[in-house]
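Below: the structure, in structure tokens.
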Amino acid sequence: MRRLSFILLLLLTCFAAQAQTQFGYVSYDQILKEMPEYAKATQDLATLKAKYEAEAQKGEEEFQRKFVDFLQGQKDFPQAIMQKRQAELQSLMDNGVNFRLKSQELLAQAEEDLMQEAKKRLNNALLEVGVEQGYGYILNTDTGSCPFINPVVGVDVTELVRQKLGLVTATPQEGTEKTDGN
């Protein structure tokens, strides 16, 4: 009876080990950066950043011009004009700071919007690879939260995802390698 229990326990352990769910892993950012949608989004974002920067620069130049005028004329200004100019300078400075803060928020939202198409396409490719290969899940290794992945149950699916996205360059066929004449 003990022997039978031992054999059953051993068999159950073997079946449980075989039934382990396989999973894939990939560097999400690495693949994302290879996608043409990412390149376009990055270019569009750089253009938008340049426009915001140019507008902010105009505001700073206006502030500097008015500040120089204020410094040159402050000893000749009556008190009321001096206070008006100080208030105007303060307002320009506040507007410049507020514009910078608002543009950072708008650029972050624009980046999210521009990357949405690339991320959606990548997520669909990950879904397809996961289903086709029968993985229980696919981990993103970018965060460094997976310092060890057991190669018996974890599979690097980077190339499968790249193929699904059409990012793989053609490699020479096996057997068509050049030889040195031997």
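The values are calculated or read from the model by the stated rules, or taken from the named source; none is laboratory data. Only a predicted model underlies this, so the values are computations on that prediction, with no experimental measurement involved. Cβ coordinates were reconstructed from backbone atoms using ideal geometry, including for glycine residues, and neighbour counts include every protein chain displayed. Heads up: the accessible areas ignore ligands, DNA and RNA and are worked out on the full protein's heavy atoms, side chains in. Shrake-Rupley method; radii C 1.70, N 1.55, O 1.52, S 1.80 Å.
Checking the structure you have, find out if any residue of region 166-177 is modelled with pLDDT of 95 or more, under 16 Å from Y28 (Cα atoms) and not small (G, A, S). No, the conditions are met nowhere in region 166-177.
Being surrounded by 12 or more Cβ atoms within 10 Å (Cβ to Cβ) and under 30 Å from K164 (Cα atoms) holds for only one residue in E117, E62, E112, and it is E117.
Cβ-Cβ distances below 9 Å connect the following pairs, each with a first residue in region 24-39 that is touching a residue at least 40 places away in the same chain (Cβ under 8 Å), a second residue that is small (G, A, S) and part of a strand (DSSP E or B), and a separation of six or more residues or different chains: G24/G154; Y25/G154.
Number of residues in region 120-145 that are in contact with a strand residue (DSSP E or B) (Cβ under 8 Å, 6 or more places away or on another chain) and loosely packed, with under 12 Cβ neighbours inside 10 Å: the value is 2. For residues in region 152-169 being in a helix (DSSP H, G or I) and free of Cβ contacts under 8 Å to residues at least 24 places away in the same chain, which is least open to solvent (accessible area, probe 1.4 Å)? Step by step, filter region 152-169, then rank; the result is E159.
In summary, T21 fulfils each of the numbered conditions (1) open to solvent by less than 70 Å² (accessible area, probe 1.4 Å); (2) under 30 Å from Y137 (Cβ atoms) with the single exception of condition (1). With respect to the conditions (1) exposed (fewer than 11 other Cβ atoms within 10 Å of the Cβ); (2) over 20 Å from T21 (Cβ atoms), Q74 falls short on a single one, namely (1). Answer yes or no as to whether S103 is over 30 Å from L126 (Cβ atoms), hydroxyl-bearing (S, T, Y) and either surrounded by 11 or more Cβ atoms within 10 Å (Cβ to Cβ) or modelled with pLDDT of 95 or more (or both). In short, yes.
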